[in-house]
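The values are calculated or read from the model by the stated rules, or taken from the named source; none is laboratory data. The shown structure was predicted, so the numbers you read here are calculated from the model rather than taken from an experiment. As a convention, Cβ positions derive from the backbone with ideal geometry for all residues, glycine included, and neighbour counts pool all protein chains shown. Note: accessible area is taken over every heavy atom of the protein model, side chains too, but ligands, DNA and RNA are not part of it. Shrake-Rupley method; radii C 1.70, N 1.55, O 1.52, S 1.80 Å.
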Amino acid sequence: MPMNKKHVIYTYAILAAVAIFGTSLIAKSESEAGQTAAATVRTLQGEAIPGGAFGVVIVEDAREASLLHLRGIAGSGFALLRETGGKNCLRVPLRFVAGDFGGDSIGTTRAETIRLTLNDAGLVQALISGDDIVSDQYRVGRSSDDQIAIQEGLSVGHGFVLNPGKSLLEDMFGPDADQVVCIAD
């Protein structure tokens, strides 16, 4: 069916609206991603997200196994994430695995608590979306300039994966995040 002048004008109007609306969304998301979280916030349970960071990962329930030079850590924990512009935080359950070549024996033990600081807004969005975070795809170190800063429990030589959720069902439909009250210091 040939398009008449009315259809062409209507089509251009829709395209212009989409372009304007889409540009404003892109500008908004880029400005939000560029923002840094200034104040330290704490939950009522005492967990803290440091100023300048977008979230923390805490893994307290992990086991470490060594087999000669190989060492692996597996467990579960959670990510505490800032909500942009809100007073609440999100607690996202996650599974954690890590490994390196630091083993020196054969055996298993309880691993020490692992704490990571997330200094990149994109990491937070990925975890909320249910995407795995693989350490070799990010800058990992011990400073606030790194996208993921290791606070304790791992060396910089460890490779690790953060897998949001607690089950296969959450892998398919996204993690079950809980809102938590956060109070600024």
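A Förster radius of 22 Å, combined with the Cβ-Cβ distance separating Gln179 from Ala38, puts the computed FRET efficiency at roughly 0.55.
Taking a Cβ cut-off of under 13 Å around Thr40, the surrounding Lys, Arg, Asp and Glu residues balance to a net charge of 0, with basic ones at +1 and acidic ones at -1. Counting only protein heavy atoms and a probe of 1.4 Å, the accessible surface of region 45-136 is 53% carbon and sulfur. Temperature 20 °C, viscosity 1.002 mPa s: under these conditions the Stokes-Einstein estimate for region 32-123, based on its Kirkwood radius over C-alpha pairs, is 147 µm² per second. Judged by the gyration tensor of its Cα atoms, with axes a ≥ b ≥ c, region 62-110 is prolate; a/c meets the 1.5 cut and a/b is the larger of a/b and b/c.
The relative contact order of region 95-185, computed from alpha carbon pairs under 8 Å that lie at least 6 residues apart in sequence, is 34 percent. The listed residues Phe54, Phe96, once ranked by accessible area (1.4 Å probe) with the largest placed first, stand as Phe54, Phe96.
The heavy atoms of Asp145 offer some 120 square angstrom of accessible surface to a 1.4 angstrom probe.
Seen from Ile150, the other residues with C-beta closer than 10 Å to its C-beta sum to a net charge of 0, counting Lys and Arg as +1 and Asp and Glu as -1. Where does the charge balance sit around Thr109 when Lys and Arg score +1, Asp and Glu -1, over other residues with C-beta under 9 Å from its C-beta? Summing Lys/Arg as +1 and Asp/Glu as -1 gives +1.
Apply the a/c threshold of 1.5 to the C-alpha gyration tensor of region 49-185 and tell me whether it is rounded, prolate or oblate. Cα axes put region 49-185 in the prolate bin.
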